[in-house]
Amino acid sequence: MYTQAMDTAAREGHASAPELAPTEREQRFEARIAAGEYVESKDWMPDHYRRTLVRQISQHAHSEIVGMLPEGNWITRAPTLKRKAILLAKVQDEGGHGLYLYAAAETLGTSRDEMIEALHNGQAKYSSIFNYPTLTWADVGVIGWLVDGAAIMNQIPLCRCSYGPYARAMIRVCREESFHQRQGFDALYAMMSQGTQAQRDMVQEAVNRWWWPSLMMFGPPDGESTHSEQSMRWGIKRIGNDELRQKFIDAAVEQAKVLGVDLQDPQLKWNPERGHHDHGPIDWDEFWRVVGGDGPCNRDRLAARVRAREEGAWVREAAMAHARKRAACDAAAQAA
Ligand code: BYC
């Protein structure tokens, strides 16, 4: 079975290592984190650390899988064969990212069925951004440029996450995400530099709809973030929500100039004292509404995932039956 776990040897902090008193075990765990060591799946870890990781990694996996839906909507309507092939490959990559991430979460002792059940019954979240519709072809380019761009900004620090299987999954995910971001920018650049006025207007209109929701991807402001402080202490998150959002804004402003699009924020301007761009207020009521299930597409997205699970039941059953048959054949061959 594919796994992100690489450690097999017993070592200090390992669950099978000699028993330590609870406080001593916790102190050693904290010391390992402080020393920048990676925690592996068989190492002892506090329950809260394990739960935090399962929550974040499974929500990340769900985001990748639900994130296939808005772009998948355009595969049959891509304007050229080249763009269609690129989009097919990108959506397939997102499916792969979901699988690496489910595999990483499984190393923490939670089954994929449990994680998927939590998504379907509304206990687990997925990124707010995927609850917005893709109304035009320009949305596909803007998702690549802004949504994948925001994802990379958030995910690069996760390559140094203290939990080894998550960190290793993220290295591969980030390499692929950077292609995704560039293909989005390229699709928009083609329309902005060689397209008609109608195509340029379509790009601008898509940017108007996606800019603010992209900023919300980084999560609530640090002051309202429930998990940031503890996650930073444990080296799960390396950089806070607000700092990452600011880095993303600073990068996007320059890219928007190259594209020739307006980011639709009259308060967006360079602040030489801070060395960053100031920006207008983010509508956090909208964010919490969408996270709470009341965005434009929440119901459709969840219904599509539940339907896919039900309609795919026969494939899982067939794969399990095949695996059982193979195992029985192998056992018979060994006994002979
Ligand atoms: N949407 O304490 P906080 C992709 C929740 S996929 C929904 O700051 P944390 C792509 C948060 O879960 C990109 N919920 O949380 C795929 C918490 O609620 P719970 C997905 C959000 O975890 C296909 C509460 O608000 N990336 O790129 O410390 C095509 C308080 O927040 C959101 C990841 O998942 C949100 N935006 O920080 C194209 C990256 N933000 O769980 C592209 C991994 C916050 O207590 N995840 N919440 O019920 C992370 O880095 C962190 O989980 C977050 C939030 C920065 C997102």
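The values are calculated or read from the model by the stated rules, or taken from the named source; none is laboratory data. None of these values were measured; they are calculated from a predicted model. Cβ sites come from the backbone with ideal geometry, for glycine too, and all protein chains shown count toward neighbours.
Filtered by the rule that a residue be more than 11 Å from the ligand (Cβ to nearest atom), in a helix (DSSP H, G or I) and crowded, with 19+ Cβ neighbours inside 10 Å, the range 150-165 gives Gly164, Pro165. For the range 38-53, a residue qualifies if it is under 14 Å from Pro22 (Cβ atoms) and either among the charged types (D, E, K, R) or out of contact with any strand residue (DSSP E or B) (no Cβ under 8 Å at 6 or more places or on another chain) (or both), and the qualifying residues are Pro46, Asp47, His48.
When Val140 is tested against (1) assigned to a helix (DSSP H, G or I); (2) surrounded by fewer than 21 Cβ atoms within 10 Å (Cβ to Cβ), only condition (2) is not met. Scanning the range 180-225 for residues that are part of a loop (DSSP other than H, G, I, E, B) and more than 16 Å from the ligand (Cβ to nearest atom), we see that the one that is nearest to the chain's Cα centre (by Cα) is Gly195. Could you tell me whether any residue of the range 161-172 is among the basic types (Lys, Arg) and farther than 15 Å from Ser63 by Cβ? Checked the range 161-172: at least one residue is among the basic types (Lys, Arg) and farther than 15 Å from Ser63 by Cβ.
A single member of Glu243, Glu177 is modelled with pLDDT under 95, within 20 Å of the chain's Cα centre (by Cα), at negative phi and of a type outside the set (Gly, Ala, Ser), and it is Glu177.
Only one of the listed residues (Asp222, Asp201) is closer than 23 Å to Leu135 by Cα and without any contact (Cβ under 8 Å) to a residue 24 or more places away in the chain. That residue is Asp201. Among residues of the range 99-118 being touching a Ser or Thr at 6+ places or on another chain (Cβ under 8 Å) and assigned to a helix (DSSP H, G or I), the one that is nearest to the ligand (Cβ to nearest atom) is Leu101. Residues of the range 76-96 that are within 11 Å of the ligand (Cβ to nearest atom) and basic (Lys, Arg): Lys90 alone.
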